[in-house]
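*Asks:* Can you read through this structure? Questions will come right after.
The values are calculated or read from the model by the stated rules, or taken from the named source; none is laboratory data. All values derive from a computational prediction rather than experimental measurement. Virtual Cβ from ideal backbone geometry, glycine too; neighbours counted across all protein chains shown.
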Amino acid sequence: MLMKPDKPFIQTLEGEARGWVEEGVITPEQRDAILKRYQGVEAAEEETGPGRLISVISLLGSILVGVGVLLFIASNWSSIPNAGKLAVIFSSMLTSYGAGYYLRHERSNFPRFGASLILLGSLIFGAGIFLIAQMYHIAVHYPNGPLLWGLFVLPLAYVLGLNTLLSLAVIDLLIWLGMESTFNLMNYFYSGYSSFIALFLQAGLVLWALGLLHRGIKSLSHLAAPYLSVGLFLTLLSGYVLTFEFSQWHFGAQGFLPYYAGFAVIVIISLSLYIIKGDKGKHWIAEATFVAALFIIVLISSVSSMKGIDPMTGRITYDYSTYKQGIHMPRLAFNLLYAIQVIGVIVLGYLKRNRAYVNLGLLFFVLEVLGRYFDMFYSMLPRSLFFIGGGLLLLVGGALLEKKRRKVLASFNLEED
């Protein structure tokens with residue numbers, strides 16, 4: 001299967017091919033054949049549009065059709081009998097799955113379009129769960145909806161090897177985590193928001209560890225991207241939100257102990273298998289160590305600052321008089337944790353020559369600068385000076401960061417010393 005080339009790849013390949021000819025590794029004719037092979041794909045990309053653009057357009061089309069099906073059913077809900085509702089749900093779902101599989105795997109002439117139809121079938125399946133429950137007034141634990149949806153799509157993503165389905169499954173399970181965790185938190189309204197955000201910070205690190213495991217296994221490496229991208233983004237986003245002022249600064253909650261234990265087991269198993277397995281690439285030790293260390297820091301902080309722990313005995317208590325006790329983590333600790341995350345991601349991106357790490361790390365670095373600027377100077381400066389200073393800060397900072405970003409990304413095409 002021919003990989004989709006980009007401009008830096010073509011330029012690097014041309015330079016390498018010249019060196020191969022000079023060293024006698026290949027003949028000039030072989031060099032021309034190799035370059036023609038990839039330049040032909042590049043020409044097709046320019047003529048018909050990038051493959052990713054086609055995927056995005058098809059993906060948006062699938063989502064719009066799925067929303068349209070839901071709106072059609074909703075607008076005619078009262079006039080459609082239950083048998084008709086079931087027929088609409090199952091016929092549209094099975095048609096999407098069947099047509100998508102046929103176009104992607106049987107004929108193989110519209111793989112991206114077929115993948116979008118399969119995604120559409122999964123979206124209709126998820127909508128059908130909630131619609132059928134509503135139709136027959138099924139009284140269930142409502143977080144079970146996204147859980148069932150995610151658990152159905154997850155194995156399908158592995159069988160078909162589709163990152164879009166895997167991304168949908170991951171998002172469904174994260175939604176379930178947010179809904180289910182509210183039932184496991186004692187006296188929810190007195191707990192503050194930080195424990196929820198810290199829980200998703202751990203979830204992001206769990207996904208990151210799963211992504212490393214998938215990347216280290218050759219047969220699963222093509223499914224590593226959703227875990228890595230969602231996990232890294234969720235980790236940085238949660239860390240960034242925690243740097244703002246909240247009502248109560250508790251990092252953990254006693255009701256989340258089952259999640260902490262489950263997350264720890266998944267991280268230990270994932271990183272252990274990742275270390276045992278082979279193909280890991282350069283600087284994998286630094287990346288695995290960073291993920292493990294960050295997870296340990298967050299886990300210990302969550303448990304040590306946990307509400308529902310008697311600070312005198314260290315035992316779990318349900319006594320409300322001691323429930324509000326616990327360790328309040330200072331805001332500086334959250335900012336320090338976030339700084340470790342951002343700097344670590346940027347350093348990893350440079351070491352591993354990973355553009356996504358560098359770009360995402362710089363993005364959240366800019367967000368941190370903006371957040372602290374608004375925190376510190378909004379009430380200290382006159383409004384005009386505040387906006388002028390903020391604008392100049394953005395302009396100068398944007399130019400400097402773009403210059404540094406280009407310099408770092410350009411160095412990725414150079415050989416290491």
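Condition check ((1) in a loop (DSSP other than H, G, I, E, B); (2) modelled with pLDDT under 90; (3) of a type in the set (A, V, I, L, M, F, W, C)) across all residues:
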| position | (1), (2), (3) |
| --- | --- |
| 195 | no, yes, no |
| 202 | no, no, no |
| 208 | no, no, yes |
| 212 | no, no, yes |
| 228 | no, no, yes |
| 247 | yes, yes, no |
| 288 | no, no, yes |
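*Asks:* Can we say residue 87 is surrounded by fewer than 21 Cβ atoms within 10 Å (Cβ to Cβ), modelled with pLDDT of 85 or more, of a type outside the set (D, E, K, R) and in a helix (DSSP H, G or I)? Give the steps one after another, and end with the answer.
*Replies:* Numbers: surrounded by fewer than 21 Cβ atoms within 10 Å (Cβ to Cβ): yes; modelled with pLDDT of 85 or more: yes; of a type outside the set (D, E, K, R): yes; in a helix (DSSP H, G or I): yes.
Considered against the rule, which asks whether it is surrounded by fewer than 21 Cβ atoms within 10 Å (Cβ to Cβ), modelled with pLDDT of 85 or more, of a type outside the set (D, E, K, R) and in a helix (DSSP H, G or I), residue 87 comes out as yes.
Listed here are the residues, each with its yes/no results for (1) assigned to a helix (DSSP H, G or I); (2) assigned by TED's automatic domain parsing to the domain that holds residue 221; (3) surrounded by fewer than 18 Cβ atoms within 10 Å (Cβ to Cβ).
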| residue | (1), (2), (3) |
| --- | --- |
| 101 | yes, no, yes |
| 114 | yes, no, no |
| 128 | yes, no, no |
| 137 | no, no, yes |
| 164 | yes, no, no |
| 172 | yes, no, no |
| 175 | yes, no, yes |
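*Asks:* Under 6 Å between Cβ atoms, which residue pairs at least 6 apart in sequence (or on different chains) link something in the range 95-115 that is among the aliphatic types (A, V, I, L, M) with a partner that is assigned to a loop (DSSP other than H, G, I, E, B)?
*Replies:* Going by the 6 Å Cβ cut-off, the qualifying pairs are 103/110; 115/162.
*Asks:* Taking the condition of a type in the set (Phe, Trp, Tyr) and modelled with pLDDT of 95 or more, does residue 263 pass? I'd like the intermediate steps shown before the answer.
*Replies:* Working: of a type in the set (Phe, Trp, Tyr): yes; modelled with pLDDT of 95 or more: yes.
When the stated conditions are applied, residue 263 passes them.
*Asks:* So, residue 184, is that one more than 20 Å from the chain's Cα centre (by Cα) and within 30 Å of residue 243 (Cα to Cα) or not? Break it down into steps so the answer makes sense when it comes.
*Replies:* Details: more than 20 Å from the chain's Cα centre (by Cα): yes; within 30 Å of residue 243 (Cα to Cα): yes.
Considered against the rule, which asks whether it is more than 20 Å from the chain's Cα centre (by Cα) and within 30 Å of residue 243 (Cα to Cα), residue 184 comes out as yes.
*Asks:* In the set 221, 270, which member is surrounded by 15 or more Cβ atoms within 10 Å (Cβ to Cβ), within 21 Å of the chain's Cα centre (by Cα) and either outside any helix (DSSP H, G or I) or polar (S, T, N, Q) (or both)? Break it down into steps so the answer makes sense when it comes.
*Replies:* Details: 221 fails: surrounded by 15 or more Cβ atoms within 10 Å (Cβ to Cβ).
One residue alone meets the criteria, 270.
*Asks:* Determine whether the range 141-153 contains at least one residue that is over 23 Å from the mean Cα position of the chain (by Cα), surrounded by fewer than 16 Cβ atoms within 10 Å (Cβ to Cβ) and closer than 19 Å to residue 64 by Cβ. Walk me through how you get there before you give the answer.
*Replies:* Within the range 141-153, the subset over 23 Å from the mean Cα position of the chain (by Cα) is 141-142.
Add one more test, that the residue is surrounded by fewer than 16 Cβ atoms within 10 Å (Cβ to Cβ), and what stays is 141-142.
Next, from what is left, pick out any that are closer than 19 Å to residue 64 by Cβ: none.
Within the range 141-153, not a single residue is over 23 Å from the mean Cα position of the chain (by Cα), surrounded by fewer than 16 Cβ atoms within 10 Å (Cβ to Cβ) and closer than 19 Å to residue 64 by Cβ.
*Asks:* For residue 298, which of the numbered conditions (1) at positive phi; (2) modelled with pLDDT of 90 or more fails to hold?
*Replies:* Just one mismatch for residue 298, condition (1).
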